[in-house]
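Step one of this worksheet: look at the structure below.
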Amino acid sequence: MLTRARIAEVKEFDESLTLSGEDYDFHFRTCKWGDVCLADVPSTLYQLGFEDRLTLHKKAIAQNFLKTVQGAIARESGTATFPPAMINEVLAEAHGWIAEELFKSADYAGARKHALLALRHRIWQPRLICAFGVALVPSMVSKVLLRSYRSCKSLMARGKRT
């Protein structure tokens, strides 16, 4: 629950964050101005029986997360609100998430770009380093590598069940 005064301070939703993220950004900005009251989750459920439609847009969600975080960092620059280690950690997470989503959609150039940005903020990310390596090789080779990886993963999963 928010008072009218709080809403006047926070302003409105950022509608440039299409498909998702505008509520996260709004909440992020709202919390800056002080405590908020959270509503009980069962009272907010209004679409019972519907599929989760946000999971269809994971790439957009990841990109909006980065945009929201970058906006918060820019708004707070010059203050001691966010320690540098926290900024590096969240930027590594955001760029890594985008890199993985771009990799899944076979956008290897975009995946390489965001993987490098993520690794710049936190160097030790084995899964991301592997994805970056696969994104460097030609498409035919990467397909073979991914197929082999999935086969090994499937065999390991079957081995755990027996």
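List of remarks:
- Computed label-point distance, nm, for sites Lys104 and Ser151 using a 7 Å Cα→Cβ extension: 2.4
- Hz values of 3J(HN,Hα) by residue in the range 86-103 - Karplus curve (6.51, -1.76, 1.60), Gly and Pro given as x: 5, 4, 4, 5, 6, 5, 4, 4, 5, 5, x, 4, 4, 4, 5, 5, 5, 4
We did not get these values from a lab; they are worked out from the coordinates using the rules stated. Remember, it's a predicted structure, so these values are computed and weren't measured experimentally. So basically every Cβ, Gly included, is an ideal-geometry build from the backbone, and we count neighbours across all protein chains shown.
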